[in-house]
1. Give me the residue from the range 200-217 that is among the basic types (Lys, Arg) and in contact (Cβ under 8 Å) with a residue 24 or more places away in the chain and, out of that set, farthest from ALA168 (Cα to Cα).
2. How many residues are open to solvent by 70 Å² or more (accessible area, probe 1.4 Å) and in contact (Cβ under 8 Å) with a residue 60 or more places away in the chain when one looks only at the range 126-159?
3. Please state which of the following conditions GLN91 fails to meet, knowing it meets all the rest: (1) in contact (Cβ under 8 Å) with a residue 12 or more places away in the chain; (2) out of contact with any Gly (no Cβ under 9 Å at 6 or more places or on another chain).
4. Test GLU162 against the stated conditions and say whether it is loosely packed, with under 14 Cβ neighbours inside 10 Å, out of contact with any strand residue (DSSP E or B) (no Cβ under 9 Å at 6 or more places or on another chain) and not polar (S, T, N, Q).
5. Say we look at the range 99-119 and pick out the residues that are among the hydroxyl-bearing types (Ser, Thr, Tyr) and open to solvent by less than 80 Å² (accessible area, probe 1.4 Å); which of these is nearest to LEU230 (Cα to Cα)?
6. Would you check if there is a residue in the range 219-226 being loosely packed, with under 11 Cβ neighbours inside 10 Å and free of Cβ contacts under 8 Å to residues at least 12 places away in the same chain?
7. Taking the range 196-211 as the region of interest, how many residues are open to solvent by 60 Å² or more (accessible area, probe 1.4 Å) and either more than 27 Å from GLN167 (Cα to Cα) or in contact with a Leu (Cβ under 6 Å, 6 or more places away or on another chain) (or both)?
8. Go through (1) under 30 Å from SER153 (Cα atoms); (2) of a type in the set (Val, Ile, Thr); (3) in a helix (DSSP H, G or I); (4) over 24 Å from the mean Cα position of the chain (by Cα) one by one and return the number of the condition THR229 breaks.
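The values are calculated or read from the model by the stated rules, or taken from the named source; none is laboratory data. Source: prediction; values computed, not measured. FYI the Cβ positions are ideal-geometry reconstructions off the backbone, even for glycines, and counts take in every protein chain you see. Just the protein is used for accessible areas: all its heavy atoms, side chains included, with ligands, DNA and RNA removed. Shrake-Rupley method; radii C 1.70, N 1.55, O 1.52, S 1.80 Å.
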Amino acid sequence: MKTTLKFSLYFWILFIPFLTACGQSDSSYKTESATAGYSDEELIDVPLTNIPPPINTLVSYQDGTEGGTSTEPIVQGLYVIKTGNMQLQVQELEKAKEEVLQKVKANKGFTSAANYNDYSSSKQQTITIRVASSNFENLMKELVTIGFVESQSQNSQDVSEEFVDIQARLKSKREVENRYVEILKDAKTISEILEIEDKLRVIREEIEAREGRLRYLKDQVSLSTINLTLTQKLENYSKPPERSFFSRLFENMGEGWDDFLMFVVGVMRLWVFWIVLAGVIFGIVRWRKARKK
């Protein structure tokens, strides 16, 4: 009897975990079967909100007005503003200036501004050059050969994102303008006409502002800017005469006297402090004498 009870107990201990595992496997099987039971047409309607959109070369812009959205291709690095700065020390300023103009003309550029300064120790000519972006690096290399390079720098600013953003917003604004024009044709009352014309005026001002910015970016991208400074050092320029020992001595003595007067004035400004200090000292002396008695 005892042997039979022990055998039954061992049997249930070993068999219960096996039943549990089988139940879990069956549940998972039912879940998979239930999912697989959908047809292809039913699965199409399931919203896939967690799947990210595919990466492409188009970007969508929301203008915030009634124009809706528009898409424009983005090519990074296409719209770049190039700026160069160069300072050259030359032997003859006029000759160097002629060489600069020749090299600028050879690279199909032009000078947009020029400024001449005549100092006591040097003569200086600053020139602002505009040249096609394709010839920017070549012109910079040629300008280096004119004189001794004191400083040189080049900067590049990628405005592709701003360029495309303005284009997209312009497209949206023009769509809004066209809709207002169509609505204006159907307007019947004077109040409706005035209201629509006012909105047209606002939208057209925004279009003109963005078109102006776009023209500026196009100009800066198509033509690079070089700020060139030519400097000729003058060897025989007039220097101030050197002062003698006695002149410097008397000058320093005068400065010392001025410093002494300033010290006296500073001391006299604290007259209240000196009176209080004298009173405190007098009181201490009287107190010590009275204590000794």
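1. So the residue we want is ARG204.
2. Total meeting the criteria: 8.
3. (2)
4. no
5. Per the stated criteria, the residue is THR111.
6. Within the range 219-226, none of the residues are loosely packed, with under 11 Cβ neighbours inside 10 Å and free of Cβ contacts under 8 Å to residues at least 12 places away in the same chain.
7. Matching residues across the range 196-211 total 1.
8. It is condition (3) that THR229 fails.
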